[in-house]
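See below for the structure under consideration.
The values are calculated or read from the model by the stated rules, or taken from the named source; none is laboratory data. All figures in this text were calculated on a predicted structure; none of them were measured in a lab. Note that we place each Cβ from the backbone using ideal geometry, even for glycine, and neighbour counts take in every protein chain shown.
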Amino acid sequence: TNETLKTIEKTEEQIHAFIHVAKEEATARAEQLDQAPADARGPLFGVPVGIKDNIVTKDMTTTCASKMLEDFVPVYNATVMDKLEAAGAINVGKLNMDEFAMGSTTETSFFGNTLNPWNTDYVPGGSSGGSAAAVAAGEVPLSLGSDTGGSVRQPAAFCGVVGMKPTYGRISRFGLTAFGSSLDSVGTFSRTVEDNALLLGVIAGEDDNDSSSSAKQVPDYKAALTGDIKGLKVAVPSAYLGEGVDAEVAATVKEALKVLESLGAVCEEVELPHVQYAPTTYYVISSSEAQSNLSRFDGLRYGYHTENAENLEQAYFRTRQEGFGDEVKKRILFGTYAMSADHHEDLYVRAQRIRTLIAQDFDKVFENYDVVIGPTAATTAFKLGETGGDQLVHYANDVLAVPANLTGRPALSVPCGFVNELPVGLQIMGKHFDEETLYNVGHAYE
Ligand code: GLN
């Protein structure tokens, strides 16, 4: 823990992955663990872990990278935090992110952006940019993020680390600040697939506090890492290597597919007729859910409260006007519009129908294939400030990431090479609750 804290202190000057480094808490916890009897040591005994700052931590600020929650100190732990603690892990701090997990670069954070450890002129991706950068820079071996529409996998790809978004319901969402409740999942970052499998095994499982958590038993993910993928049936959607995907990224992924073939996998091209509508569908649904979820930040119950109000209505209005950043406001406005009486048939209801069509496309493919593979992101990391926070640029990029969330499927990103010295990620999507196959494919490839 001491070494980790020293490394963090040095590295943070360049990377700024943390919003809060929990120096005192981590040190006290390590001292306490030192006294633990040998037979009471869990699978993550003494392992330092960083936590995305939208996962609530008892007695430790949880800001969601927003002015709205700048000083918010939760009175309880997220279920994943309790599980990490029970396994012996040490929380060394809270990691930077896009405000309320809305973004793809970590530039919308109220606390300033995080830099990509491979080249600090570039963003780490987002929204879990701090979680990915901290692992890539060697500050922590493991971290947690959240993935509503790619926010674990895309930064994992941009930072050259392993990132898993498991099946919807595999990990309890209790204590994960809600964004799009039908899409949200906690996700895991690590440098190797094996470490990732270990971490998921610790935090997955049913939870009485989250009715959407699955009762399915948690398998021993590490035991699934046989490295044997002979006969594995791989679907490669044509849209995933075609127009809109950087040619060099596509070439890098094709090389990775050749490696899988050399290990005995059978790769075939497939069509996903509705997948081009995935980003639009995702933004309608996620923003509609977000506007409802974020209504709780009213200045009375949580965090920031305006000083410029003469009555209750002004208090609500100005708290939200002053507390939320531009991207969050945009999503709330759009989501409110999409759910309004005049437009919800055209936007929200239609998006739900298209979501079903997209899910059916994937169901069909998975009748004949074990995994769907493509790039995690269409490009390598963006240059800092290049997109000026313009989310429209990123919306198009999301065609690769959001189907896993829209269909509730697990997807793993593993590093598969470099373009211009920036990492490229290989995305492996699987059947519901078949994280084992994803880890095994990633492990075989690694
Ligand atoms: N780019 C997506 C968005 O801005 C990522 C969200 C996420 O997964 N948290 O909505």
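Residues checked against (1) over 18 Å from residue 429 (Cβ atoms); (2) surrounded by 24 or more Cβ atoms within 10 Å (Cβ to Cβ); (3) away from the ligand (no atom under 16 Å from the Cβ); (4) within 20 Å of the chain's Cα centre (by Cα):
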{"site": "169", "(1), (2), (3), (4)": "no, no, yes, yes"}
{"site": "192", "(1), (2), (3), (4)": "yes, no, yes, yes"}
{"site": "215", "(1), (2), (3), (4)": "yes, no, yes, no"}
{"site": "226", "(1), (2), (3), (4)": "yes, no, yes, no"}
{"site": "255", "(1), (2), (3), (4)": "yes, no, yes, no"}
Residue pairs, Cβ under 8 Å, 6 or more apart or interchain, first in the range 173-187 and closer than 12 Å to residue 203 by Cβ and among the acidic types (Asp, Glu), second within 9 Å of the ligand (Cβ to nearest atom) and modelled with pLDDT of 95 or more. List them. none
Condition first: β-branched (Val, Ile, Thr) and more than 12 Å from the ligand (Cβ to nearest atom). Now tell me which residues in the range 266-301 satisfy that. 266, 270, 275, 280, 281
Selected residue (only one of 386, 367 is within 30 Å of residue 329 (Cβ to Cβ) and surrounded by fewer than 17 Cβ atoms within 10 Å (Cβ to Cβ)): 386
State all residues of the range 115-152 that are within 15 Å of the ligand (Cβ to nearest atom) and in a loop (DSSP other than H, G, I, E, B); if no residue qualifies, say none. 123, 124, 125, 126, 127, 128, 147, 148, 149, 150, 151, 152
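So which residues in the range 306-355 are of a type in the set (Lys, Arg) and within 16 Å of the ligand (Cβ to nearest atom)?
Here is the first cut: in the range 306-355, the ones of a type in the set (Lys, Arg) are 318, 320, 329-331, 350, 353, 355.
If the condition is that a residue be of a type in the set (Lys, Arg) and within 16 Å of the ligand (Cβ to nearest atom), then 329, 330, 331, 355 are the ones that fit.
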Among the residues of the range 52-65, is there at least one that is part of a strand (DSSP E or B), under 19 Å from the mean Cα position of the chain (by Cα) and of a type outside the set (D, E, K, R)? yes
Subset of the range 223-241, residues out of contact with any Asp or Glu (no Cβ under 8 Å at 6 or more places or on another chain), at pLDDT 95 or above and not basic (Lys, Arg), comes to 223, 226, 227, 228, 229, 231
Residue match in the range 156-164 (condition: within 16 Å of the ligand (Cβ to nearest atom), aliphatic (A, V, I, L, M) and under 18 Å from residue 82 (Cβ atoms)): no
Being among the aliphatic types (A, V, I, L, M) and either in a strand (DSSP E or B) or modelled with pLDDT under 75 (or both) is the filter here, so list the residues in the range 368-377 that pass it. 371, 372, 373
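For the range 100-135, enumerate the residues that are touching a strand residue (DSSP E or B) at 6+ places or on another chain (Cβ under 7 Å), crowded, with 24+ Cβ neighbours inside 10 Å and not aliphatic (A, V, I, L, M). Full working, then the answer.
Of the residues in the range 100-135, the ones touching a strand residue (DSSP E or B) at 6+ places or on another chain (Cβ under 7 Å) are 101, 111, 116, 118-119, 121-122, 128, 130-132, 134-135.
With the extra rule that they be crowded, with 24+ Cβ neighbours inside 10 Å, the set shrinks to 101, 116, 128, 130-132, 134-135.
If the condition is that a residue be touching a strand residue (DSSP E or B) at 6+ places or on another chain (Cβ under 7 Å), crowded, with 24+ Cβ neighbours inside 10 Å and not aliphatic (A, V, I, L, M), then 116, 128, 130, 131 are the ones that fit.
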Considering each residue of the range 378-410, count those that are at pLDDT below 95, within 13 Å of the ligand (Cβ to nearest atom), in a loop (DSSP other than H, G, I, E, B) and of a type in the set (Gly, Ala, Ser), and give that number. 2
Those residues that are of a type in the set (A, V, I, L, M, F, W, C), assigned to a loop (DSSP other than H, G, I, E, B), under 15 Å from residue 131 (Cβ atoms) and near the ligand (Cβ under 10 Å from one of its atoms), I need them from the range 96-114; list them, please. 97
Residue under evaluation residue 93, criteria (1) of a type outside the set (A, V, I, L, M); (2) in a loop (DSSP other than H, G, I, E, B); (3) more than 16 Å from the ligand (Cβ to nearest atom), criterion not met: (2)
Restricting the search to the range 334-347, which residues are free of Cβ contacts under 8 Å to residues at least 12 places away in the same chain and under 23 Å from residue 68 (Cα atoms)? 337
Given the conditions (1) hydroxyl-bearing (Ser, Thr, Tyr); (2) in contact with a strand residue (DSSP E or B) (Cβ under 8 Å, 6 or more places away or on another chain); (3) surrounded by 14 or more Cβ atoms within 10 Å (Cβ to Cβ), and given that residue 238 satisfies all but one, which numbered condition is not satisfied? (3)
Hits in the range 411-437 (condition: within 16 Å of residue 253 (Cα to Cα) and not in a strand (DSSP E or B)): 420, 421
Condition first: assigned to a helix (DSSP H, G or I), of a type in the set (A, V, I, L, M, F, W, C) and either farther than 23 Å from residue 38 by Cβ or within 13 Å of the ligand (Cβ to nearest atom) (or both). Now tell me which residues in the range 75-90 satisfy that. 80, 81
Take the conditions of a type in the set (Lys, Arg) and not in a helix (DSSP H, G or I) and apply them to residue 320. Does it pass? no
